[in-house]
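Every read-out reported here was derived from the displayed coordinates using simple, explicitly stated rules and does not represent laboratory data. Predicted model only: the values in this text are computed from it and were never measured. As a convention, Cβ positions derive from the backbone with ideal geometry for all residues, glycine included, and neighbour counts pool all protein chains shown.
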Amino acid sequence: MDNLLVNDRTEEILKQDEHLVHSFSDLHSLQAAGARTVISQAEGAYVFNEQGERYLDGMAGLWCVNVGHGRREISSAVAEQLNTLDYFSTFYNLTHPSAAQLAEKIATMAPGSLNRVYFGNSGSVANDTAVRVLHHYFNRLGHPRKKKILSRIGAYHGSTHLAIAMTTPAYREGWDSAEELVHFLSSPCPYYRPDNMSEPEFADFLIDEMVRDIEKIGADRIACFIAEPIMGAGGVLVPPQGYHQHAAAVCAEYEIKTISDEVVTAFGRLGHMFASNDVFGIQPDVICTAKGLSSGYQPISATIFSDEIYEVIAGSGDRFLHGMTYSGHPACCAAALANIAIIENDKICEHVLEVGPRFEASLKSLSDLPIVGDVRGSHFMIGIEFVQNKDTRRPFDDEIAIGMRVSQKAQDRGLIVRPLGAMIVLSPPLILTVTQIDEIAGILRESIVSVLDDLAKAKLL
Ligand SMILES: Cc1ncc(COP(=O)(O)O)c(C=O)c1O
């Protein structure tokens with residue numbers, strides 16, 4: 001980074017940070033130990049801490065900085081927007097240019113008749129909006145009992161009261177949620193499928209379960225099925241071949257609407273603007289997206305509905321009773337438009353399609369290490385699962401915190417990855433070069449070997 005400013009204020013910042021409530025953190029330990037790293041600058045695929053130390057950002061922030069850090073086209077577009085129109089709402093019959101332009105742009109990119117866009121400021125809100133609107137859709141059609149949501153064990157759909165209810169129960173242990181609305185189907189994780197099943201049999205097993213549960217609950221009580229094309233925070237779970245298409249067919253048969261949660265998978269992460277149709281061959285009724293929509297430069301999400309849903313909720317004598325002050329915020333829309341222009345002009349999807357397989361292959365090459373049980377995912381969305389015994393797939397005890405150990409070793413070597421139970425997850429900026437890909441694989445190999453040494457010394461293997 002040419003203009004790196006080093007003025008180490010770590011101590012002062014950590015003191016101020018005592019007032020900050022950190023998401024998904026162990027607040028008790030954090031209170032005792034404080035935050036570990038203060039990241040204060042970023043450029044390309046790298047972030048820098050207060051001491052000026054450089055880290056490869058293996059998570060693209062939080063699965064979001066798709067075009068990489070420091071893109072002046074986006075920050076300039078935001079500044080220009082704020083200087084022209086800092087804020088106005090899209091309530092009632094008002095609008096402004098950047099919200100209208102972005103809505104049209106998204107409609108042209110989204111598959112099929114997904115032409116109607118509602119903006120929010122997070123993936124959680126996008127998913128909440130989808131369910132609120134579908135509930136209302138069925139009310140309008142005279143089916144007020146159609147309210148339940150089918151979700152899956154392992155899913156992550158966000159943290160608002162409703163989104164966390166649709167999220168796998170492990171993410172809300174001891175916390176309340178609107179769980180009475182949600183029915184969970186089995187996780188589609190092939191690695192932990194029942195022993196005797198082939199992958200096609202596993203797909204059939206999951207679909208049979210879906211049909212059985214729909215029949216049991218009654219389709220007249222189920223509004224929608226929400227699914228990430230590839231589960232992210234649940235452990236980068238790629239479902240068995242054909243699963244999404246079969247699930248969509250079942251939903252169509254039972255008149256259950258499908259929501260594709262593309263908060264992570266859209267805007268190039270799998271090599272396409274949207275993965276639902278281009279990668280998995282499905283046409284959802286609603287797509288929810290966020291993160292890569294602005295590459296995280298501004299908080300914006302989109303809930304994209306089919307024309308058919310829109311026509312029903314736009315019927316006469318009704319109002320769209322849903323709205324947030326920052327829905328379609330001009331600066332967020334400007335950031336998203338500039339970001340989409342970069343994805344298109346820099347041919348980011350093409351780059352991901354070209355080098356994504358190399359990323360997958362170089363991480364898969366770690367499979368020779370004795371604790372690497374599974375390397376899974378697709379293109380720029382990969383998870384590595386560690387197991388105590390590869391033959392039996394016996395997991396590590398939670399106390400060993402194996403994912404955290406590997407991620408800390410990687411961080412010591414200049415790479416940020418996300419620990420997730422017995423896994424680490426990688427979801428880097430989509431601009432990664434082949435050299436950086438090789439660097440990541442090298443650092444991870446060294447880190448895992450070093451953890452192996454530690455475990456052997458502590459007789460934990
Ligand atoms: C698939 C998926 N859906 C929804 C969300 C929630 O998005 P947000 O954190 O912006 O509310 C996330 C966040 O990681 C996600 O991965």
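Charge dipole (Cα centre; +1 on Lys/Arg Cβ, -1 on Asp/Glu Cβ; no other charges) of the chain amounts to roughly 420 debye.
The residue among 187, 320, 271 whose Cα reaches farthest toward the positive pole of the charge dipole of region 73-345, with charges on the beta-carbon of Lys, Arg, Asp and Glu, is 320.
Could you grab the relative contact order for region 264-322? Cα pairs under 8 Å, six or more apart, rounded to a whole percent. Please list the in-between numbers first.
Values: 55 pairs, mean separation 13.9, N = 59.
Relative contact order for region 264-322 comes out at 24 percent.
Of 433, 325, 10, 168, the sequence from fewest to most neighbouring Cβ atoms within 10 angstrom is 325, 433, 10, 168. Net charge of the neighbourhood of residue 391, taken over other residues with C-beta under 14 Å away and scored Lys/Arg +1, Asp/Glu -1, is +1. Is the shape of the chain rounded, prolate or oblate, going by the alpha carbon gyration tensor and its root eigenvalues a ≥ b ≥ c, with a/c under 1.5 for rounded and a/b larger than b/c for prolate? Oblate. Our coupling estimate for region 54-59, obtained by passing each phi through the Karplus curve with A = 6.51, B = -1.76, C = 1.60 and θ = phi - 60°, is 9, 10, 6, 8, x, 10 Hz, Gly and Pro reported as x. Backbone geometry of region 169-177 corresponds, through the Karplus equation with coefficients 6.51, -1.76 and 1.60 at θ = phi - 60°, to 3J(HN,Hα) couplings of x, 4, 7, 9, 3, x, 10, 7, 7 Hz, x marking Gly and Pro.
When ranked by the protection proxy of mean other Cβ atoms within 10 Å per residue, highest first, what sequence do the peptides 391-400, 331-340 form?
Values: 391-400: 12.4, 331-340: 25.9.
The peptides rank, most packed first, as 331-340, 391-400.
Classify region 214-342 as rounded, prolate or oblate from the Cα gyration tensor: take a ≥ b ≥ c as the square roots of its eigenvalues, call it rounded if a/c is under 1.5, otherwise prolate when a/b beats b/c and oblate if not. Oblate is the answer for region 214-342, as a/c is 1.5 or above yet b/c matches or exceeds a/b.
Ranking 281, 238, 298 by how far each Cα lies toward the positive end of the dipole of region 73-345 (charges on Cβ) leaves 298 at the top. If only the Cβ of Lys and Arg carry +1 and only the Cβ of Asp and Glu carry -1, the dipole of region 73-345 around its Cα centre is close to 540 debye.
Please compare each pair in 291/364; 148/257; 105/291; 147/257; 105/148; 147/291 to a cut-off of 21 Å on the Cα-Cα distance and tell me which ones are over it. All intermediate terms of the calculation are to be shown ahead of the outcome.
Numbers: 291/364 26 Å; 148/257 11 Å; 105/291 17 Å; 147/257 11 Å; 105/148 32 Å; 147/291 28 Å.
In this structure, 291/364; 105/148; 147/291 exceed 21 Å between Cα atoms.
Relative contact order, whole percent, for the chain stands at 20, derived from Cα pairs under 8 Å and 6 or more residues apart.
Would you mind getting me the FRET efficiency between residue 204 and residue 143? Use the beta-carbon distance for r and R0 = 30 Å, nearest 0.05. Mind showing how you got there, number by number?
Numbers: r = 30 Å, r/R0 = 0.99.
Result of the calculation: an efficiency of 0.50.
The residues neighbouring residue 285, those whose beta-carbon lies less than 10 Å from its own, together hold a net charge of 0 under the Lys/Arg +1, Asp/Glu -1 convention.
For residue 234, neighbours were defined as the other residues whose beta-carbon sits under 9 Å from its Cβ, and their charges (Lys and Arg +1, Asp and Glu -1) total 0. Full extension of the chain between residue 319 and residue 391 gives 20.1 nm of extra length, using 0.36 nm per residue less the Cα-Cα distance. Rounded to the nearest 20, the size of the Cβ-charge dipole of region 1-139 about its Cα centre is 620 debye, with Lys and Arg at +1 and Asp and Glu at -1.
Normalising the average separation of contacting C-alpha pairs (under 8 angstrom, six or more residues apart) by the number of residues puts the relative contact order of region 73-345 at 30 percent. Taking 7 Å steps out from each Cα toward its Cβ at residue 350 and residue 253 produces label points 4.2 nm apart. Close amide-amide hydrogen proximity is noted between residue 222 and 147, 148, each under 5 Å apart and 5 or more residues distant or on a separate chain (H modeled in the peptide plane; Pro and chain starts excluded).
Give, in nm to one decimal, the length gained when the segment between residue 19 and residue 457 is fully stretched (0.36 nm per residue of separation minus the Cα-Cα distance).
Details: separation 438, 0.36 × 438 = 157.68 nm, distance 3.85 nm.
Contour length minus Cα-Cα distance gives 153.8 nm.
Only one residue of 177, 23, 10 has its Cα farthest out toward the positive end of the dipole of the chain, where Lys and Arg carry +1 and Asp and Glu -1 on Cβ, and that residue is 177.
What is the order of 215, 262, fewest Cβ neighbours within 10 Å to most? List each step's numbers first, then the result.
Numbers: 215 10, 262 30.
Listed from fewest to most nearby Cβ atoms, that is 215, 262.
How would region 73-345 be classified by its alpha-carbon gyration tensor: rounded, prolate or oblate, with rounded meaning a/c under 1.5 and the a/b versus b/c comparison settling the rest? Since a/c reaches 1.5 and a/b is larger than b/c, the shape of region 73-345 is classed as prolate.
Helices meeting the span-like rule in the chain (full DSSP H runs, Cα extent of at least 30 Å along the helix axis, mean Kyte-Doolittle score of 0.0 or higher): 434-457.
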